[in-house]
Structures are given as C-alpha cells and as structure tokens.
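Below is one structure; the comments refer to it alone.
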Amino acid sequence: MGLARKRVLEALLPAGPRPVGERLARFYDRDGDYAGATFAALSPNPPNDLTAVDLHAVSMLSVSVGPRATRRLLDDGPSRNDVLEALEAVPVMDLHVAGPEVLEAMGHLYTTVKGYLSAPTTAHPNRWVTASKICARKRPALFPVRDRVVCGYLGLLDLGSWQADYQVFRSLLGDPEVQQAVDAAADAADASAGDRRLRIDTERLRILDAALWTYPSRRDDDEQGSEE
C-alpha cells in the first residue's frame with residue numbers, strides 16, 4: 001500500500017517533466033483521439049442495463065468484445081440475465097465508502113462478466129482487462145480500470161487478484177492527500193487546456209485512472225498474466 005500511495009502522488013504531481021495537468025488535458029481533449037472525454041460520458045448509459053453503446057465505449061479503451069461474447073451479453077437469455085442481475089446488485093456509489101457487501105457484489109459482477117467474455121471451452125479464461133473496463137463503464141465511481149499499465153505501475157500485478165486491487169484503490173481514494181491531489185489535477189488540466197475543449201470526468205476514480213494510465217511510458221493492454 002505504501003508503494004502504491006507513493007506512486008499515485010508521483011503521477012499526480014503538477015510540475016516536473018510530465019506534469020499531470022498537461023497529460024490530462026491531452027487525455028480529455030474532445031478533439032483529440034483519446035477516450036477520456038467519451039468513455040464514461042457516452043450516452044445513453046442506463047445504470048442497470050448493458051447495451052451496445054457500453055461495448056462501443058469499452059472498445060475505445062483498446063479492448064474488443066468478440067461476436068460470441070457480444071451475443072452472450074446483449075441477446076436475451078440466461079447469460080445476459082445473469083449479468084444484469086449482478087449489475088443491479090451493485091449500487092451507484094463511490095469506492096472509498098464501499099463496505100464489504102458492496103465489494104462482494106462488485107466481485108460477483110466482475111467475475112460474471114469475465115466468465116461470459118470467454119468461450120465455455122477455454123481452458124484458462126482470463127479476460128480480466130476487458131471485464132474490468134465493462135464494469136468501470138457501468139459504475140465509473142466504483143470500479144477502477146485495471147490493466148497491466150496501471151496495476152504494474154502500482155505494484156499490484158504480483159498480488160494477482162481483483163480483491164486486493166479493489167482494497168488498494170479504496171484506501172487510496174479515502175486518503176485526504178490523494179483526494180486533494182486528484183482535485184488539483186483536474187484544475188491543472190483546465191489550466192493547461194489552452195484552446196482545447198475538455199470534458200473531464202466528474203468521478204475522482206476516473207480522473208485518478210487517467211492520471212495513472214498516462215504516466216508510465218509503456219502502454220500495454222495485454223490480458224495475460226495478472227490473475228486466475
């Protein structure tokens with residue numbers, strides 16, 4: 001936890017060779033080619049439904065949902081019913097105030113979505129990045145976008161579990177210094193905008209995710225090697 005906190009505060013620094021305001025201004029530029037201005041804001045986004053718009057939003061974060069998985073998630077049937085039931089059980093709230101029951105419901109939604117993204121015959125299904133991004137789209141203040149860039153930077157890959165990741169992010173978002181740094185980062189993005197038109201996320205978790213993803217020099221959304 002100490003390493004993750006240190007690296008979060010480093011990624012949120014307003015000055016230095018890679019100031020957070022300039023990085024976020026690029027990420028949230030409505031005329032740019034990053035997903036930040038659209039991922040959570042793309043409408044419609046009904047809280048207890050999963051639609052083709054959600055899958056399109058997720059695709060802008062460099063993952064894909066194949067034809068068979070798309071049919072499982074969107075066509076009426078048992079798999080879609082399972083996902084929607086799990087989704088409805090997860091409240092719309094901020095991660096840092098989520099209790100054990102909410103964390104359990106989050107885990108159930110995540111594992112349900114992840115299970116339907118792979119073929120039933122897959123020996124070692126591991127669509128953890130795609131599942132994380134679908135969950136983050138539906139509950140943007142609750143689910144971190146877990147990929148190899150962010151988890152690797154925070155030192156979480158060796159932990160190898162969504163349970164540990166949720167707890168770390170929950171603690172980080174409850175830290176007053178981190179909260180202040182995230183809010184200051186959003187202000188710094190506005191100040192760095194210049195002629196760019198920004199649409200900055202309103203959720204601290206989304207802003208934190210953006211700051212973390214844009215900080216490491218290597219970006220790789222490879223699904224392999226984190227958990228299960």
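The values are calculated or read from the model by the stated rules, or taken from the named source; none is laboratory data. What you see is a predicted model; the values in this text were computed from it and never measured. Virtual Cβ from ideal backbone geometry, glycine too; neighbours counted across all protein chains shown. Side chains included, ligands, DNA and RNA excluded: accessible areas come from the protein's heavy atoms. Shrake-Rupley method; radii C 1.70, N 1.55, O 1.52, S 1.80 Å.
Is it the case that residue 101 is surrounded by fewer than 17 Cβ atoms within 10 Å (Cβ to Cβ) and either under 20 Å from residue 144 (Cα atoms) or at pLDDT below 95 (or both)? When the stated conditions are applied, residue 101 passes them.
Of all positions in the range 54-75, at least one carries a residue that is farther than 19 Å from residue 197 by Cα, β-branched (Val, Ile, Thr) and without any contact (Cβ under 8 Å) to a residue 60 or more places away in the chain. Is it the case that residue 116 is open to solvent by less than 50 Å² (accessible area, probe 1.4 Å), closer than 21 Å to residue 146 by Cα and not aliphatic (A, V, I, L, M)? It is false that residue 116 is open to solvent by less than 50 Å² (accessible area, probe 1.4 Å), closer than 21 Å to residue 146 by Cα and not aliphatic (A, V, I, L, M).
Which one of these is out of contact with any His (no Cβ under 6 Å at 6 or more places or on another chain), more than 27 Å from residue 11 (Cβ to Cβ) and among the aromatic types (Phe, Trp, Tyr): 116, 110?
116
Return a yes/no flag: does the range 180-195 have any residue that is modelled with pLDDT of 95 or more, on the phi > 0 side of the Ramachandran plot and over 14 Å from the mean Cα position of the chain (by Cα). Yes, there is a match, as at least one residue in the range 180-195 is modelled with pLDDT of 95 or more, on the phi > 0 side of the Ramachandran plot and over 14 Å from the mean Cα position of the chain (by Cα). Would you be able to say whether some residue in the range 132-141 is open to solvent by 40 Å² or more (accessible area, probe 1.4 Å) and of a type in the set (Val, Ile, Thr)? No, the range 132-141 has no match at all.
Going by the structure shown, is residue 104 over 14 Å from the mean Cα position of the chain (by Cα) and over 21 Å from residue 3 (Cβ atoms)? The answer is yes for residue 104. Scanning the range 147-204 for residues that are open to solvent by less than 10 Å² (accessible area, probe 1.4 Å) and among the charged types (D, E, K, R) yields 147, 165.
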